[in-house]
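Just so it is clear, none of the values below were taken in a lab; they were calculated from the coordinates. Note that the structure is predicted; figures quoted are calculated from it, not measured. A quick note on method: Cβ atoms are made from the backbone with ideal geometry, for glycine too, and the neighbour counts reach across all protein chains shown.
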Amino acid sequence: MRHIRRRALALLAFGLALPACRCGSRPASDTALLPAEDATATEATVAPDAGGTPGTLDTVPRADAEAWPGGALVPPEALADFVARGTVDAWYGVYLTGRKVGWAHVELGRAAPDEPGGFVARLELRIVQEGLLPGLRSESIVRAEDFYAVEPPFALVESRDVQQTPAGTVERVTVATAAGLVMRQTVQGQAAPERSLPPTAETALAAVGAFGLDAARLRPGMTMVVPAFDDDDACDETDTVTVVSVEPQLLAGVQTPVATLTVLHEDDNQPFVLRVAGNTTLEASMGTGIVLRLEDQEQARSDLSALGPLDLRVEIDRPLGSPTDVRELRLVVGVPSGFAIPSGPQQEITPRDDGRFDVVLRAVPGPKATNDERERSLRPTPEVDADAPSIVKLAEELAADAATDRDKADRIVAWVYDNLRKDLSTNLGTASQVLDRKVGDCTEHALLVTALARAAGLPARQVSGLIYVGDELGFFGWHAWTQITIDGRWVAVDASWNEPTADAAHLLLGIGDSTDWLTIIDSITISAPPPQDPR
């Protein structure tokens, strides 16, 4: 499951596939900053046993329902049978708000003799994007391989991840040892120091639970909670899988059980929805905006429509003024049922009778930071590599003689604003890479600020959402910025605009690496209440 949801959202959200639209493109006048209805069948079969039968029924411990994370949805014998004999080879077209912008290839089965473990789940995901100049196209690519043992409990042995963008390549290899995980990361051919991480509880359930199910044996209400290692946070998180329905449908002239399942990732608002027929995943959708649809190989890789600079935006019904001057902004925001807009002093949310929300945005400190949030927001991660020597050195220089945490934060924001060349198609993968290249758009600014703040002892996290881009363009566009804990509260800062306190034109929708709001962007509405509206 993490193969598709987490990596697809990373690709579509944090710069791998959105080179130009993420910063909102505020006009230069505002600032000197900017110079098938039915799925097509494809191969997804259970193959004959090839070379031994590790993980068969006789070797699987008979765990009770409470101890076994697969529950009744994937019982031990079903997982063992798939690890021993199952194969998946499926191609998917990737659609964003109805347009085909890329493709994905998923393979599950026996690993090669020279590969670790014995069972492997592979993903290749490609997104095509349009540059600032018409006709200028490029590809961003994720290749991921997760290797599992073929003996119970089918534990994760090694994970390999390569992200290629027009800006460069980031490679990660995570190996399970007796003491825990060891992660090795290489950025543009330069190796970062090894990271020692806690052990993971991930097993092959994390892969088989999305692409190895048999719809015929599923029943509504079946559920399981699957631990999975998160590459970016470098820790285990969970996916809760629930069977919503199983109904017969006519596919290729044959009545076939089709199961609908939801997969809800820890801390996310929107579930990942699977449609499974037989043992084939026909469709994987993320909210209303992102869909992976089963196609044959040729179809999946053809007729691609590149993501453009203005694809992820939400129109507003009237001008709101210069964003950088806004200290308080009142909006009416509509989101799909079940999506929770973050609320706090800086973002007051009130339900309306029509199902939408009155939102009051203010340029003030946000909610208090909990102890857990502070702890998590000080840790280095593979992306926020706050322990990289170059990051540590600069943070120490910027924090030297600073009288308060506010002074530290202001110096960091100002330095990043002054020293990063503004480029809307950079897409760098780590904070140290941003510092080395000194170039970037809003995501690079937010990433470097986050890492420098953590290195200076300030809890910090990246956040995302929509910002008003100004009256000249008149819409809300994708943006990323940073929250830093100052005097115990989360304070929004925006180095892209040299704002030590972000203006009130920032609508916060995702905290940390949670970008599931992108899956509903085509269903978000924003309007401005009339001045006489008393609410």
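Residue farthest toward the positive end of the dipole of the stretch 313-527, with Cβ of Lys/Arg at +1 and Asp/Glu at -1: which of Ala505, Phe339, Gly470?
Of the options given, the answer is Phe339.
Is any residue of the stretch 294-338 close enough, with backbone N under 11 Å, to a label point placed 7 angstrom from the Cα of Arg352 along the Cα-Cβ axis, and if so, which?
Output list for this probe position: 331-335.
Give the residue from Thr525, Leu378, Leu320 lying farthest towards the positive end of the charge dipole for the stretch 313-527; charges sit on Cβ (+1 for Lys and Arg, -1 for Asp and Glu) and the dipole is referred to the Cα centre.
Of the options given, the answer is Leu378.
Please identify every one of the GluC sites (Glu not before Pro) in the stretch 352-404 that sits in a loop by DSSP and has no more than 12 other beta carbons within 10 Å of its own beta carbon.
Answer in residue order: no site qualifies.
Of the beta bridges DSSP finds with both residues in the stretch 357-514, what % are antiparallel, to the nearest 5?
90
Rank-order 347-355, 450-458 by packing density, defined as the average count of other C-beta atoms within 10 Å over each peptide's residues, highest first.
Answer by packing, highest mean first, reads 450-458, 347-355.
Relative to the Cα centre, what is the charge dipole magnitude of the stretch 313-527, using +1 at the beta carbon of each Lys and Arg, -1 at the beta carbon of each Asp and Glu, and rounding to the nearest 20 debye?
The calculation lands at about 220 debye.
Asp418 to Gln188: FRET efficiency via 1/(1 + (r/R0)^6), r the Cβ-Cβ distance, R0 35 Å, to the nearest 0.05?
It comes out at approximately 0.90.
Please list the non-local residues whose amide H lies under 5 Å from the amide H of Asn279, H modeled 1.01 Å from N, same-chain partners needing a gap of 5 or more.
The list, which skips near neighbours in sequence, is Ala215.
Once a ≥ b ≥ c are taken as the square roots of the eigenvalues of the Cα gyration tensor of the stretch 44-300, is the result rounded (a/c under 1.5), prolate (a/b larger than b/c) or oblate (a/b not larger than b/c)?
The shape class here is oblate.
Under the rule a/c < 1.5 gives rounded, and otherwise a/b versus b/c splits prolate from oblate, where does the stretch 383-422 land using the Cα gyration tensor?
Taking the square roots of the gyration eigenvalues as a ≥ b ≥ c, the stretch 383-422 is oblate.
Give me the compactness ratio for the stretch 253-300, meaning the Cα radius of gyration over 2.2 N^0.38 Å.
So the stretch 253-300 has a normalised radius of gyration of 1.30.
Return Glu145, Glu124 ranked ascending by Cβ neighbour count within 10 Å, so the fewest neighbours appear first.
So the residues, fewest neighbours to most, are Glu124, Glu145.
Is the stretch 286-405 rounded, prolate or oblate when judged by the Cα gyration tensor, a ≥ b ≥ c being the square roots of its eigenvalues, rounded requiring a/c under 1.5 and prolate requiring a/b larger than b/c?
Oblate.
Fewest first, what order do Ser245, Ser337, Ser523 take by the number of other Cβ atoms within 10 Å?
By the 10 Å Cβ count, ascending, the order reads Ser337, Ser245, Ser523.
How many angstrom lie between the Cα centre of the stretch 481-535 and the Cα centre of the stretch 254-326?
Between the Cα centre of the stretch 481-535 and that of the stretch 254-326, the gap is 22 Å.
Mind giving me the nanometre distance, one decimal, between the label points for Val162 and Thr370, set 7 Å out from Cα along Cα→Cβ?
Calculated label separation equals 4.0 nm.
My understanding is that a pair violates if its Cα-Cα distance is over 27 Å; which of Lys100/Lys422; Lys100/Lys438; Lys393/Lys438; Lys368/Lys422 do that in this structure?
In this structure, Lys100/Lys422; Lys100/Lys438; Lys368/Lys422 exceed 27 Å between Cα atoms.
In debye to the nearest 20, how big a dipole does the stretch 44-300 give about its Cα centre with +1 on each Lys and Arg Cβ and -1 on each Asp and Glu Cβ?
Dipole magnitude for the stretch 44-300 comes out near 580 debye.
Based on other C-beta atoms within 10 Å, arrange Asp418, Asp161, Asp239 from fewest to most.
Asp418, Asp161, Asp239
Viscosity 1.306 mPa s, temperature 10 °C: give me the Stokes-Einstein translational D for the stretch 313-527 in µm²/s, with Rh taken as the Kirkwood radius over C-alpha pairs.
Using the Kirkwood radius from Cα pairs, D works out to 91 µm²/s.
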